[in-house]
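Structure record follows, encoded as structure tokens.
The values are calculated or read from the model by the stated rules, or taken from the named source; none is laboratory data. Every value quoted in this text rests on a predicted model; they were computed, and no experiment measured them. Ideal geometry is used to build each Cβ from the backbone, glycine not excepted, and the neighbour counts take in all protein chains shown.
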Amino acid sequence: MHGLSLHREHLGSLGPATARLGVSRVNRSLILCAHGSHDTRGRLALAALLNAVRREAHDLDVVDGFVDVQDPSIADVVAGTSGPRAIVPLMLAYDRPVSVDIVQASHLDPLAVVTPPLGPDWVLAEVGVRRLVEAGARAEDTIVLAADTTNDDRAIADIGKAARLLSAVWGGRVHVGTLGGPDAPLADAVDVARAYGRRVVVSTYVLSPGTASYAIAQSGADVVTEPLLDSGPPDPRLVSLVLARARSKGGWDSVGAVPVSHARDGGVDA
């Protein structure tokens with residue numbers, strides 16, 4: 001990947017599609033599209049997810065592409081590959097990178113289709129609760145779901161839905177705060193949560209470590225969880241969710257293993 005010196009023997013293939021641009025493939029391709037990161041931990045976490053998906057999707061050429069910061073760009077990946085391609089946005093809400101950048105890239109070839117983004121989804125809520133438990137959250141704590149800057153109306157609605165799903169799985173009320181945009185600022189949400197007179201625990205609704213997760217960690221809460229992806233192996237439910245998103249498009253129903261019970265084609269009901 002651009003700007004990061006890593007030994008492949010330690011990571012396996014990071015899957016930069018630039019190595020394959022211009023090479024014709026008869027296989028179907030699964031393109032995982034993410035925000036790029038300057039952070040080494042974030043890059044490693046995304047690489048681990050890519051490799052885990054690759055191990056499950058034996059019949060696919062699994063490659064990566066980015067909407068910012070890192071190369072290759074999603075447009076270059078679409079232009080440099082051929083055949084049927086499913087682009088899975090590794091985003092937690094339907095924001096501008098999904099609706100504009102990724103969709104525009106897919107228009108370069110009618111054989112490229114865009115799936116719904118990863119979130120919101122019951123699976124992310126389940127992994128979020130896992131992070132809460134790992135961080136030592138207790139039933140009496142006040143929970144705040146913290147998301148990155150969100151300005152798009154649909155993305156704001158998705159963040160609200162993510163909080164409702166987390167609340168349903170956790171079994172208690174969940175407040176919402178963001179790092180920017182028209183929704184409640186995270187600092188204000190933490191202050192409001194303190195009015196309940198209990199510990200404030202922030203659930204980090206960010207995919208991987210990086211600028212957003214580090215800013216959330218400075219929110220002033222008593223406890224802040226790790227992102228959905230951390231330094232360890234990705235939760236198998238996240239891998240299954242990626243494959244379920246690919247299956248959500250017609251003609252891709254044979255991709256990967258049987259979907260996890262809560263991974264629903266095209267999103268969630270909540």
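Tabulated data for the structure shown
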{"quantity": "Residue count, the stretch 147-206 (criterion: small (Gly, Ala, Ser) and touching a strand residue (DSSP E or B) at 6+ places or on another chain (Cβ under 8 Å))", "calculated": "12"}
{"quantity": "Identity of the residue in the stretch 47-73, assigned to a helix (DSSP H, G or I) and more than 16 Å from the chain's Cα centre (by Cα), that ends up surrounded by the fewest Cβ atoms within 10 Å (Cβ to Cβ)", "calculated": "55"}
{"quantity": "Among (1) among the β-branched types (Val, Ile, Thr); (2) crowded, with 17+ Cβ neighbours inside 10 Å; (3) not assigned by TED's automatic domain parsing to the domain that holds residue 215 - the single one residue 129 does not satisfy", "calculated": "(3)"}
{"quantity": "Some residue of the stretch 247-263 being modelled with pLDDT of 95 or more and either aromatic (Phe, Trp, Tyr) or under 19 Å from the mean Cα position of the chain (by Cα) (or both)", "calculated": "no"}
{"quantity": "Unique match (being surrounded by fewer than 19 Cβ atoms within 10 Å (Cβ to Cβ) and of a type in the set (Phe, Trp, Tyr)) among 205, 214", "calculated": "214"}
{"quantity": "Filter result (among the basic types (Lys, Arg) and part of a loop (DSSP other than H, G, I, E, B)) within the stretch 122-177", "calculated": "138, 173"}
{"quantity": "Residue in the stretch 158-198 that is surrounded by the most Cβ atoms within 10 Å (Cβ to Cβ), counting only those that are within 20 Å of residue 96 (Cα to Cα) and of a type in the set (Asp, Glu)", "calculated": "158"}
{"quantity": "Filter pass, residue 32 being at pLDDT 90 or above, part of a helix (DSSP H, G or I), within 14 Å of the chain's Cα centre (by Cα) and closer than 21 Å to residue 89 by Cβ", "calculated": "no"}
{"quantity": "Hits in the stretch 79-100 (condition: charged (D, E, K, R) and modelled with pLDDT of 95 or more)", "calculated": "85"}
{"quantity": "Breaking point among (1) farther than 30 Å from residue 160 by Cβ; (2) modelled with pLDDT of 95 or more; (3) under 19 Å from the mean Cα position of the chain (by Cα), for residue 76", "calculated": "(3)"}
{"quantity": "Given (1) hydrophobic (A, V, I, L, M, F, W, C); (2) in contact with a His (Cβ under 8 Å, 6 or more places away or on another chain); (3) surrounded by fewer than 18 Cβ atoms within 10 Å (Cβ to Cβ), number of the condition residue 111 does not satisfy", "calculated": "(2)"}
